[in-house]
Structure formats: structure tokens, C-alpha cells
Amino acid sequence: MTKNELIQLQKLPLEIKIVKSKKRIEEFYENKENPIISFSGGKDSTVLLDLVRNIYPDLKGIFVNTGLEFPEIINFIKNIKNIDIIYPKMKFKEVCNKYGYPVISKQISMGINRCKININKLYDELNNNKNEEKIIKYLIQIGLRINGGICPVSLKKQNPTISKKYYSLLFAPFKISERCCDIMKKNPLKQYAKENNIDGYYLGTMAEDSYLREKEYLKYGCNAWIKNLSTPIGFWTEKDIWDYIKKNNLNYSKIYDMGQIRTGCFVCHFGYLQSKDNRYKKIKTTHPKLYDFILNYFGMKEIIDFCDNLETIDNPFLKILNNVKNNTNNFEIINKEIKKYVNI
Ligand code: SF4
């Protein structure tokens, strides 16, 4: 699907969208043995649950309680029938201590994490063995992660790269990783699916939620067969969600009436810089105790402060990387550049 086709779909009246979504729901159901509704307790998920259960009233829902949900979401879910609640094996703090904090976005956290692995290897090499070949290899990996391009060794496209404004995260005094969602949400779901022979999920995500979700929707449409996922409201907009809720007089979590526009893990930094929702400030107003908990117990004060001041943090590594920048496919030039800065 092209971006233009998606825009046309997003412009359709709600009545037509409902008909289209229901068709996608049926199509997915007919091709699956044992699908389930992934339910988060948020407004999009509430609409999805209603749409699916209009056709299949007994279809089970699943909710992963990460321990990081607003109390209003937990209370709301308690009143919804036929929802299984599952839990991750690790707690948020354990995940952050072991693997790293989820910072800014999944892509950036992943890029920073991979890049830091190579920076650490590079430092080890510089301090110990000074093996020139390895030093160049690690620098190439770092350069590719930062500048993009084709890896001269594997000839594969390097992804994801890190935007310049986030380079300072490479020197953050805390660990950064994209793994939190996998450990806290995906793994418990995988385990549940295995134990209950689940072969498909309905999800209430929409293309307009984020760049990544739009990319996925353009690639797969509503039913991503290869991933066993159905996102039947993928082409809806936030306005459609509220119109549907009002039109059908649906109950929804009270969290929205308190001024929160975003649900999910209250502690999460993903999307914080891009969105202008002042997430943590809002939590300070609506849930002051929780706010204190986020900053102090979960240690997010350090992460928020650091990320709010990314541009002002000095980055000693940039000089080398900038010089490697345009030469990521040429070992000889890179070698020369590195020798200017590194005594090998
Ligand atoms: S939404 Fe954020 S805090 Fe929650 S599991 Fe995913 S990465 Fe972790």
C-alpha cells in the first residue's frame, strides 16, 4: 500500500471504516484456529475489543500487566469479561539494570545499544591488544551505525542508524537498550501463546500512532499474515476512536477524563521527546505519588534530565566518527582517518 492509499483510507467516513474493519476481522478469524484479542485497556484497544466481540462475543482477550499501568487502567480491565491477565518474569528495574533503559524510541535505543557494544569492544582493543584489523572493524561498525550505508563485510544495509542529535546518548552514564518491551510484554505473550495454542492476535494499533507503525501498516495492511497479527483499525484516526466510543456509548478508562492522552507503561520514555504531551508533567498533576516513584524509585530523573539536555553534552568521540563518516566502504581511507586520532 502506498502512503497516498493510506491517506485515502484514513479520510473515509467512520461507517465505511467499521464495515471494512469487520471484514478484516472476519477474514483473519476464518484463517486462524485460535486467535485472541490483545487488550491494553486503552481507548483504541477498547474499540477493537468492541468491534471483534460484536462478531465473536466469546473471543478471549489477553492483558500483560507489566506493573507499570495506571491504576485507572487496571480498575477498568477488572470489569471486562473474559480477559486473561499475565505477568512478565522480570520487573522494570531489573530489566533496566541488566539490559538498559528504553530511551526516546525503540530504534534509537537499539542503535545506541549496538553502537555502544562496538565502542566498548573498541576501547578494550585500544587498551589491550591494539589489533589494527579489529580496531578498524569496530570503528566501521560504529561509523555504519551512525552514518548508515552498506556494511563492507556483510554487504547488508545497516539498520537502524542514529540521528546526529542523539549521538550524546553514546556517552550516557546509564545503560540503554530496546529490549524492555520484548522482556516485559512479548515474552509473556509468547509463553502464553505456546501454552494455549494461540495462533493469531488482534491488535488495536493504528498507522498514525508512530512512524514504525505506519511503516508496518504500509507493508502488511490490516492482516499481517506472516506475523499472525491483525490490526483491523490500522487505518483509523484518533477522532474515529472517540466518535466510535461516543456513538456506541462505550465505557472507557477514567484515565482519559483526568487529562492523560497516553496510556501504557507510565514510566516509559519511548516517544517522550517526539511527542509534545509533557507526559511526566501530566503525571505529576494527576498522580503526584506515582510521579515521585517514577523519578526516584525507577531512577528516571537521571534519564529525563540527560535527554532533555542532549545538545549541550560534550561528545569526545564525534571527531573520529565524523571523519569516518563518508568513507564507510573504504578500509584504506578509514584506516588513515583513524590513525590521525588513534595511536596504533
Ligand atoms: S512500553 Fe516502555 S516501559 Fe513498557 S514494556 Fe515497553 S519499553 Fe518497557
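A few comments on the model shown:
- Close Cβ contacts (under 9 Å, 6 or more residues apart or on different chains) running from residues in the range 172-191 that are among the acidic types (D, E) to residues that are in a helix (DSSP H, G or I) and within 11 Å of the ligand (Cβ to nearest atom) comprise E178/K106; E178/S109.
- Annotation for the range 133-149: at least one member residue is surrounded by fewer than 12 Cβ atoms within 10 Å (Cβ to Cβ), at pLDDT 75 or above and not assigned by TED's automatic domain parsing to the domain that holds Y211.
- Look at (1) in a helix (DSSP H, G or I); (2) surrounded by fewer than 20 Cβ atoms within 10 Å (Cβ to Cβ) and you find that I85 fails only one, number (1).
- Every condition in (1) at pLDDT 95 or above; (2) farther than 18 Å from G42 by Cβ; (3) within 16 Å of the ligand (Cβ to nearest atom) holds for F174 except the one numbered (1).
- Checklist (1) within 19 Å of the chain's Cα centre (by Cα); (2) more than 16 Å from the ligand (Cβ to nearest atom); (3) within 24 Å of V47 (Cβ to Cβ) applied to L203, failing item: (2)
- Here L169 fits the description: within 16 Å of the ligand (Cβ to nearest atom) and surrounded by 15 or more Cβ atoms within 10 Å (Cβ to Cβ).
- Long-range neighbours under 6 Å by Cβ, at least six apart or interchain, first residue closer than 21 Å to K190 by Cα within the range 89-117, second within 11 Å of the ligand (Cβ to nearest atom) and hydroxyl-bearing (S, T, Y): Y99/S177; P102/S109
- The residue that is nearest to the ligand (Cβ to nearest atom), among those in the range 46-74 that are under 23 Å from N197 (Cβ atoms) and either under 24 Å from the mean Cα position of the chain (by Cα) or at pLDDT below 95 (or both), is V64.
- Qualifying residue in the range 218-230 (condition: within 16 Å of the ligand (Cβ to nearest atom), hydroxyl-bearing (S, T, Y) and surrounded by fewer than 19 Cβ atoms within 10 Å (Cβ to Cβ)): no
The values are calculated or read from the model by the stated rules, or taken from the named source; none is laboratory data. All of these numbers come straight from a predicted model, not from anything done at the bench. All Cβ positions, glycine included, derive from the backbone under ideal geometry; neighbour counts span all protein chains shown.
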